[in-house]
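**Q** Here it is: the structure, laid out below.
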Amino acid sequence: MEHIVIIGNGIAGVSAARHIRKNSDKKITIVSTETEYFFSRTALMYVYMGHMKFEHTQPYENWFWKKNRIDLVKGFVTKVNHQNKKLILKEGSELSYDKLIIATGSKPNKFGWPGQDLKGVQGLYHRQDLEQLEANAPNNKVCKRAVIVGGGLIGIELAEMLVTRNIPVTFLVREASFWNGVLPKGESELINEHILEHHIDLRLETNLVEIIADENGWAKAVTTDKGETIECTVVGLTAGVSPNIDFLKESGIELGRGVKVNRFLETNIPDIYAIGDCAEQHEAIGNRRPIEAVWYTGRMMGETLAQTICGNRRAYNPGHWFNSAKFLDVEYQTYGWVFSERGMKEYEQHFHWRHSKEKVCITVSFDKDSKKFLGINTFGIRMRHAIFDRWLTEERSVDYVMEFLKDANFDPEFYKVYEGEILTAYNAEFGTSIAPKKKSWKRIFSTT
Ligand SMILES: Cc1cc2nc3c(=O)[nH]c(=O)nc-3n(C[C@H](O)[C@H](O)[C@H](O)COP(=O)(O)OP(=O)(O)OC[C@H]3O[C@@H](n4cnc5c(N)ncnc54)[C@H](O)[C@@H]3O)c2cc1C
């Protein structure tokens, strides 16, 4: 019986395993080093914040794997030998495969900062990081101040986590405004304000120079390129992640920043595939990045590859881009493409609306010549993914989107509160006189 071996029990590897099992009787083994069982990485923060126990982050009961004949091996793969189709594990044992799926995810970036390996200095990615944080920062008596380095989604999550335990946080962000490589100006500024309102000491345009040790090898302060010294006992390194592929360096598998794959998620070596955070497309798909370190694309890649492995060769086709996150208590959603000032395309134009008091805003992106709707970012408003996905496929105009915005409204309260204001602002800015309309969103999917 063909043996499929998967390295990594994250969302990508586990999705592949589940879908291979749905479609075949193949022997499946998952080897993974971090935990025995799959868990939701995105929920790690809620464990520290006391909303759930770690066990609650595991979507499947422990019996699930045996029942579905998915063998689990806890171990670290140190070497892939593709000539004889064998994996070498750290303990020295070997595992043979017929087809191999690499789904080893990411690791936090370290940029060679002096002191980056001191005690009290850590990332936030693996379960072990959570345990370390619990030990290093149980409360504000043990941790008098934490310094977070790197202003992305994980950095702000870590800040929120620490703030819930009343630990003072200084947040060093290289950019002039939070996440402004991704967010348009108005949104980025809204988040700057929101961070400061949460009593997080946000330092923009500030870089870490060095982490200073005390006599026991613990971090006791950081210095910045602004000439400051900030005392702290915990340093969170959250300056992005990169593919966790160091163990493949001598393998003969083509590597770039990640494991290079084609549209079918195949590597240069027959019968070896890569999916999830560690996979790097030879050529980016549309405006997407060649490496997509997000949860749902890992799941999609796993599901797609399972089809190929089961004899129905299928290309990875992720559809329209979307994503969601949370900046403290402000929910963020993005559908289609809304680029920041830095990345803005020459054909792109934005309509930005912000509520006068609340932390609520939207940015709609459209083609300045044809007025084709290109994407939307929402902050503090929840919108319906399926509606925007449809409008992007149908290549609707921005006027149409504004006219029927109410259909995309997830929360009926939103219409009463914001929709009129958004449309008034849009009409004023673009000289239109669009009146709001509404189809029943339930019926939208049956109309042509
Ligand atoms: C704190 C945090 C919050 C996040 N929030 C969001 C969010 O809100 N939305 C979103 O879309 N994404 C979010 N992400 C990103 C998302 O979690 C990842 O994109 C996703 O988990 C990647 O899944 P994966 O299966 O590719 O890899 P992983 O989940 O990293 O799993 C890979 C596994 O392989 C193991 N492994 C690695 N190398 C080896 C080896 N040599 N031998 C054996 N095992 C190995 C690793 O230990 C790991 O357990 C978040 C990430 C973090 C850290």
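The values are calculated or read from the model by the stated rules, or taken from the named source; none is laboratory data. Remember, it's a predicted structure, so these values are computed and weren't measured experimentally. Here Cβ is always computed from backbone atoms with ideal geometry, including for glycine, and neighbour counts include all displayed protein chains.
**Q** In the stretch 111-130, which residues are more than 10 Å from the ligand (Cβ to nearest atom) and surrounded by 14 or more Cβ atoms within 10 Å (Cβ to Cβ)?
**A** The initial filter retains those residues of the stretch 111-130 that are more than 10 Å from the ligand (Cβ to nearest atom), namely 111-122.
Result: W113, G115, Q116, L118, K119, G120, V121, Q122.
**Q** Does the stretch 180-194 contain at least one residue that is of a type outside the set (A, V, I, L, M, F, W, C), farther than 30 Å from F351 by Cα and surrounded by fewer than 16 Cβ atoms within 10 Å (Cβ to Cβ)? Even if it seems obvious, please write down each step before you answer.
**A** Taking the stretch 180-194 as the starting set, the residues that turn out to be of a type outside the set (A, V, I, L, M, F, W, C) are 180-181, 184-189, 192-194.
Within this subset, residues satisfying the condition of being farther than 30 Å from F351 by Cα are none.
Looking through the stretch 180-194, none of the residues is of a type outside the set (A, V, I, L, M, F, W, C), farther than 30 Å from F351 by Cα and surrounded by fewer than 16 Cβ atoms within 10 Å (Cβ to Cβ).
**Q** A further question on this structure: Have a look at P138, P114, P108 and point out the one that is more than 15 Å from T33 (Cβ to Cβ) and without any contact (Cβ under 8 Å) to a residue 60 or more places away in the chain. Reasoning before the result, please.
**A** On the way: P114 fails: without any contact (Cβ under 8 Å) to a residue 60 or more places away in the chain; P108 fails: without any contact (Cβ under 8 Å) to a residue 60 or more places away in the chain.
Within the list P138, P114, P108, the selection yields P138.
**Q** If a residue must be part of a helix (DSSP H, G or I) and more than 6 Å from the ligand (Cβ to nearest atom), how many such residues does the stretch 32-44 contain? Give the derivation first.
**A** Looking only at the stretch 32-44, we keep the residues that are part of a helix (DSSP H, G or I), and these are 41-44.
Subset that is more than 6 Å from the ligand (Cβ to nearest atom): 43.
The number of residues fulfilling the criteria is 1.
**Q** Still on this structure, I have one more. Would you check which residues across the stretch 148-175 are away from the ligand (no atom under 15 Å from the Cβ) and surrounded by fewer than 23 Cβ atoms within 10 Å (Cβ to Cβ) and list them?
**A** Correct list: V163, R165, N166, I167, P168, T170, R174, E175.
**Q** Hey, E331 hits all of (1) under 30 Å from A135 (Cα atoms); (2) touching a Phe, Trp or Tyr at 6+ places or on another chain (Cβ under 8 Å); (3) assigned by TED's automatic domain parsing to the domain that holds N81; (4) acidic (D, E) but one; which does it fall short on?
**A** Evaluating E331 over (1) under 30 Å from A135 (Cα atoms); (2) touching a Phe, Trp or Tyr at 6+ places or on another chain (Cβ under 8 Å); (3) assigned by TED's automatic domain parsing to the domain that holds N81; (4) acidic (D, E) leaves (3) as the failure.
**Q** For the stretch 288-319, which residues satisfy the criterion of being buried (at least 18 other Cβ atoms within 10 Å of the Cβ) and of a type in the set (A, V, I, L, M)?
**A** Across the stretch 288-319, the qualifying residues are I291, A293, V294, M300, M301, L305, A306, I309.
**Q** Report, by residue number, each residue of the stretch 96-108 that is within 11 Å of the ligand (Cβ to nearest atom) and surrounded by fewer than 19 Cβ atoms within 10 Å (Cβ to Cβ). Break it down into steps so the answer makes sense when it comes.
**A** Quick first cut of the stretch 96-108, residues within 11 Å of the ligand (Cβ to nearest atom) only: 101-108.
Answer for the stretch 96-108, where residues must be within 11 Å of the ligand (Cβ to nearest atom) and surrounded by fewer than 19 Cβ atoms within 10 Å (Cβ to Cβ): just K107.
**Q** Among (1) surrounded by fewer than 17 Cβ atoms within 10 Å (Cβ to Cβ); (2) away from the ligand (no atom under 14 Å from the Cβ), which single condition is I70 missing?
**A** Exception for I70: condition (1).
**Q** As an exercise: evaluate K249 against (1) under 29 Å from K86 (Cβ atoms); (2) within 24 Å of the chain's Cα centre (by Cα) and give the number of the one condition it does not meet.
**A** (2)
**Q** Still on this structure, I have one more. If you scan the stretch 357-394, which residues turn out to be aromatic (F, W, Y), over 22 Å from I191 (Cβ atoms) and part of a helix (DSSP H, G or I)?
**A** Quick first cut of the stretch 357-394, residues aromatic (F, W, Y) only: 366, 373, 379, 388, 391.
Pick out the ones that are also over 22 Å from I191 (Cβ atoms) and you get 366, 373, 391.
The one that is aromatic (F, W, Y), over 22 Å from I191 (Cβ atoms) and part of a helix (DSSP H, G or I): W391.
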